[in-house]
Amino acid sequence: MTKTLLAEFTAREGAEDEVARLIQDYARKVREEEGNLAFDVYTKAANPRAYWIFEVYRDEDAFKTHLNAPYGAPFNAALTPLIEEDASMLTFLDPLATHP
């Protein structure tokens with residue numbers, strides 16, 4: 001079963017350009033992971049400093065591999081002081097079960 005999540009954070013005022021650069025570079029690396037099926041970065045139309053990142057991995061193992069990627073910790077360390085939250089807020093998603 002795929003592993004799907006939504007990551008959310010808000011860039012601090014004045015850090016918008018640096019956050020955009022960091023997330024674009026990180027997205028390129030994540031999309032190259034064998035088990036990554038989607039890594040789509042959005043900003044809210046009403047608040048362009050607020051990011052939503054939709055992530056899908058092939059399965060739990062692919063997600064664990066993603067978590068252990070060598071570029072993940074440096075990305076998070078660089079991002080943390082640039083965002084309003086203490087860290088990205090993660091929401092794990094399950095598909096809606098359909099009934100016959």
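The values are calculated or read from the model by the stated rules, or taken from the named source; none is laboratory data. Bear in mind the structure is a predicted one, so any value in this text is a computation, not a measurement. Methodologically, a virtual Cβ is constructed for each residue, glycine included, from the backbone with ideal geometry; neighbour enumeration extends over all protein chains shown. Accessible surface areas use protein heavy atoms only, side chains included; no ligands, DNA or RNA. Shrake-Rupley method; radii C 1.70, N 1.55, O 1.52, S 1.80 Å.
Surface composition of the chain: carbon and sulfur atoms hold 54% of the protein heavy-atom accessible area at a 1.4 Å probe. Over the chain, DSSP H runs of length four or greater, each weighted -39,500 (n - 2.57), average out per residue to a 222 nm ellipticity of -9500 deg cm²/dmol. In a simple Cβ point-charge model (Lys, Arg +1; Asp, Glu -1; nothing else charged), the chain has a dipole of about 140 debye relative to its Cα centre.
What translational D, rounded to a whole number of µm²/s, comes out for the range 3-93 from Stokes-Einstein when the hydrodynamic radius is the Kirkwood one over Cα pairs, at 4 °C and 1.567 mPa s?
Calculated translational D: 97 µm²/s.
Accessible surface area normalised per residue over the range 3-93 is 59 Å², counting heavy atoms of protein chains with a 1.4 Å rolling probe.
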